[in-house]
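Worksheet: the structure to be examined is printed underneath.
The values are calculated or read from the model by the stated rules, or taken from the named source; none is laboratory data. Small disclaimer: the values here were computed from a predicted structure and weren't measured. All Cβ positions, even for glycine, are placed from backbone atoms using ideal geometry, and neighbour counts span all protein chains on display. For the accessible areas, the whole protein counts, side chains as well, though only heavy atoms, and no ligand, DNA or RNA atoms are used. Shrake-Rupley method; radii C 1.70, N 1.55, O 1.52, S 1.80 Å.
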Amino acid sequence: MEMLISKTWAVLGIGVAWGLSLTLAAPHASAQAKKDALILGMSLEPPGLDPTIAPAAAIGEITHLNIFEGLTRIQENGEVAPLLAESWTVSPDMMTFTFKLKQGVKFQDGTAFDSADVKYSFEKYAGEKSTNKRKAVFANMAKIETPDAYTVAISLKKPDPTLLFSLGENTAVITAPESSDTNATKPIGTGPYKLQDWVKGDSVTLVAAETYRDPAAIKIKTVKFRFISDQGAMVAAMRAGDLDAVPIGINGENVREFQKDKRFTVTVGSTEGETMLIINNKRKPLDDVRVRRALSHAIDKQAVLEAAAAGLGKVIGSHFPPHHPAYVDLTSMYPYDPAKAKALLKEAGVGNLELTLRLPPPPYARPIGEVVQAMLADVGITAKIESVEWAQWLDGTFKNKNFDLTVVSHVEPNDFVKYAEPDYYWQYDSKEAQALIAKATSTLDKAERTKALQDLQRRLAEDAVNVFLYNLPRPTVYKTGLKGLWVNAPIFVNDLAAVYWE
């Protein structure tokens with residue numbers, strides 16, 4: 001959910017003498033050996049390796065499409081393609097989805113994949129004890145039938161026009177009954193890689209899985225994900241050659257500096273990440289919409305974007321990415337206006353307001369926090385910064401809602417549905433928003449769906465649920481010669497099977 005979603009997307013000469021040939025042989029062998037290995041830098045270490053039980057996007061960045069696979073896969077351009085399902089049919093009323101599964105697929109422990117695993121997985125994700133962040137998707141499944149080992153028929157309680165996309169997210173990966181309960185530490189899936197080791201606080205290493213159905217297609221045999229939370233250390237490791245790529249995690253002016261260095265290639269893509277100053281809507285006086293609107297007027301969003309991302313993203317006015325076909329530009333609704341902010345606070349009877357501003361470790365959060373703190377001070381609000389580690393943020397802020405303000409980027413596609421959950425950590429409770437979300441996620445009419453989404457954006461902005469800052473860009477820095485990394489991120493994933501050295 002955090003941080004970190006888009007619908008687009010060599011020869012050595014022969015020496016003239018024996019001695020020279022020997023001199024060249026060692027570096028040549030070394031270079032060739034490196035062609036099947038990769039070291040990636042990540043800002044955040046995941047709390048576990050099972051994406052179906054915890055919300056951290058860092059889990060999927062390591063395991064999705066690599067260890068675990070779903071029935072469908074979301075392509076870099078946001079389109080849905082087959083994966084474990086080789087084909088499907090959908091009833092006209094979008095109430096029944098029938099999938100034909102790939103045959104000959106194995107889990108990394110050698111057990112065979114079939115329709116029973118799909119039924120098991122989806123029923124588990126809908127179960128009473130499920131902590132799957134997309135639990136509602138699976139709870140909407142009235143019946144899952146498996147007429148044979150390679151056919152799955154899913155009957156829904158209500159139509160879901162986005163189901164095929166949802167089944168391509170990391171929350172819908174297929175697991176086996178034999179290994180599902182230990183996937184957080186010993187992940188077993190059907191993907192091209194398996195876990196070699198996890199050194200807590202340092203790295204996760206994956207190696208090519210001998211059980212994979214198309215092993216010849218995998219060019220990179222060993223991948224290490226190194227966890228480096230400090231931005232300066234990440235930049236230094238990249239410059240020193242200790243990392244081959246940082247898919248997301250180098251920000252601001254550092255990106256500009258790498259663009260000047262021919263040793264590296266830099267791409268800047270789009271994501272589904274709405275970067276926001278999150279407001280606890282139940283905390284007084286933040287439960288007063290005038291106070292929340294004052295916060296929106298107090299923040300210069302373009303200045304925040306410059307400070308945190310060197311201006312590489314786009315300012316937003318509601319919880320929608322600018323590339324979404326239903327996007328409404330609401331950026332002019334709350335212009336930077338400290339005088340208006342002060343007037344709204346006075347109207348609400350609020351003076352000398354003191355708030356906590358809890359900042360998690362993603363590299364964008366702390367630069368944003370410092371700018372926001374100064375801007376709030378200009379309108380008479382004292383924001384006390386509390387920098388916390390990711391586990392603390394997930395427990396205290398996300399789970400227990402113990403905060404006034406926080407900064408995070410929500411990166412999951414279609415996560416506007418969270419505004420229909422009054423108990424979600426920003427604690428927004430609007431019957432109108434809930435009705436619009438219900439319509440947007442169930443109506444079969446595309447025009448009606450678009451209108452509901454646009455009305456929802458306006459409702460969220462009117463209620464100033466959060467201070468909507470900017471769409472998270474995806475700057476990727478990597479050694480020149482590495483190919484296959486995604487530019488855009490409709491979902492946060494590192495599709496390692498597509499990566500190779502030139």
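Sequentially through the stretch 207-219, phi angles give Karplus couplings (6.51, -1.76, 1.60; θ = phi - 60°) of 10, 4, 8, 5, 7, 5, 5, 9, x, 5, 6, 8, 7 Hz, Gly and Pro residues having no value and appearing as x.
How large is the dipole of the stretch 368-502 about the Cα centre if only Lys and Arg carry +1 and Asp and Glu carry -1, each at its Cβ, rounded to the nearest 20 debye? Don't skip to the end; give the middle numbers.
Values: 14 positive and 19 negative charges, 85 e Å.
The calculation lands at about 400 debye.
For the listed peptides 480-488, 65-73, a ranking on the average number of other beta carbons within 10 Å per residue, highest first, reads 65-73, 480-488. Placing a pseudo-label 7 Å from each Cα along the Cα-to-Cβ vector at Glu421 and Ala391 gives an inter-label distance of 2.3 nm. The stretch 181-230 and the stretch 264-343 have Cα centres separated by 36 Å.
Taking Cα centre as origin and charging only the Cβ of basic (Lys, Arg, +1) and acidic (Asp, Glu, -1) residues, the dipole magnitude of the stretch 100-144 rounds to 220 debye. Spatially, the stretch 53-100 and the stretch 417-475 are offset by 23 Å when compared through their Cα centroids.
For the set Tyr150, Tyr500, Tyr428, Tyr327, solvent exposure ranked by accessible area (probe 1.4 Å, protein chains only) runs largest to smallest as Tyr500, Tyr150, Tyr327, Tyr428. Work through the residues other than Val289 whose Cβ is under 9 Å from its Cβ and net out their charges, Lys, Arg +1 and Asp, Glu -1. Result for the neighbourhood of Val289: -1. Towards the positive end of the charge dipole of the stretch 251-305, with charges on Cβ (+1 Lys, Arg; -1 Asp, Glu), say which of Ser270, Asn251, Ala298 has the farthest Cα. Of the candidates, Ala298 comes out farthest on the positive side. Working note: 222 nm ellipticity from helices only, DSSP H runs with n ≥ 4, each -39,500 (n - 2.57), summed and divided by the residues of the chain, gives -7500 deg cm²/dmol to the nearest 500.
As a rough guide to protection, the peptides 276-283, 194-201 ranked by mean Cβ packing within 10 Å, highest first, stand as 276-283, 194-201. With a cut-off of 9 Å between beta carbons, the residues surrounding Ile174 carry a summed charge of -2, where Lys and Arg count +1 and Asp and Glu -1. Since only Ala310, Ile381, Pro321 are under comparison, the one whose Cα sits farthest along the positive direction of the charge dipole of the chain, derived from C-beta charges on Lys, Arg, Asp and Glu, is Ala310.
Please give the charge dipole size of the chain, origin at the Cα centre, charges +1 on K and R Cβ atoms and -1 on D and E Cβ atoms. Round to the nearest 20 debye.
420
Once neighbouring chains are kept in place and the probe is 1.4 Å, which whole percent of the accessible area of the chain is contributed by carbon and sulfur?
52
Look at the dipole of the chain built from charges on Cβ: of Pro422, Pro475, Gly189, the Cα furthest out on the positive end belongs to Pro475.
Sorting 380-392, 245-257, 463-475 by their mean Cβ neighbour count within 10 Å, with the most densely packed peptide first, gives 463-475, 245-257, 380-392.
How much area per residue is accessible in the stretch 28-103 when the probe is 1.4 Å and only protein heavy atoms are counted (Å²)?
Accessible area per residue: 35 Å².
When both bridge partners sit in the chain, DSSP labels roughly 75% of those beta bridges antiparallel.
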